[in-house]
Amino acid sequence: MLKNKYLLIFVLLIADAFFINISLVGSYYIRFGLPSFSALSPILIIEKYFNLLFFATIIQLTIFNLFSLYSVRYPRHRIDEAGAVLGATLSAFFFFIFITLIHKELLFSSKIISIYFIVSSILIICYRISIISFIKRLYKMGVGVEKVLILGCGEAGQSLLHRILRSPDMG
């Protein structure tokens, strides 16, 4: 287990918020293109989306917390982490669609929400898998590993010893 798990949770929160905002702004620019200086420029519309960035970030981080993406016991397997991120992002996608149907003043373009879902899923899954790989590499080198004392040399103790020796990346 990590000795300073609160630091990792803080880093994950900050990185998630950063990638959520990058995904939202990037999906806006993918949808409308880069702003030009014409009279009908979509740059005027972006002010509405920048006002919603904070709201969308808080909602997405809350949904991530509901999917236990900030519980740090030991690093999950890559596929489990990717599935949890994909599920949380899909839940946020449906939440934003639902909010758009109820409150017309919080109008999100459905194309922007769809692009956001794809972009944020890819970005967040990639960086979280790289963090998991980095932590597991540190565990294999002995950094952050806790020492364990197994009492008893029976069958249960032997199987626990073999399990610990087979997977040093558990910490």
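How far apart, in nanometres, would the label points at Ser71 and Ile118 be if each is projected 7 angstrom from Cα along the Cα-to-Cβ direction?
3.3 nm
Relative to the Cα centre, what is the charge dipole magnitude of the range 79-170, using +1 at the beta carbon of each Lys and Arg, -1 at the beta carbon of each Asp and Glu, and rounding to the nearest 20 debye?
Here the range 79-170 has a charge dipole of around 220 debye.
What is the list of residues in the range 8-32 whose amide nitrogen lies under 16 Å from a point 7 angstrom out from the Cα of Ile58, following Cα to Cβ?
Once the point is set 7 Å along Cα→Cβ of Ile58, 17, 21 turn out to lie under 16 Å by backbone N, inside the range 8-32.
Starting at 0 and stepping by 5 Å, how many percent of the alpha carbon pairs of the range 112-162 end up in each bin?
Whole-percent P(r) values from 0 Å outward: 4, 16, 12, 11, 12, 11, 9, 8, 7, 5, 3, 1.
Where a number appears in this text, it was derived from the coordinates with a stated rule and is not lab data. As the structure is a prediction and not an experimental result, all values here were calculated from the model. So basically every Cβ, Gly included, is an ideal-geometry build from the backbone, and we count neighbours across all protein chains shown.
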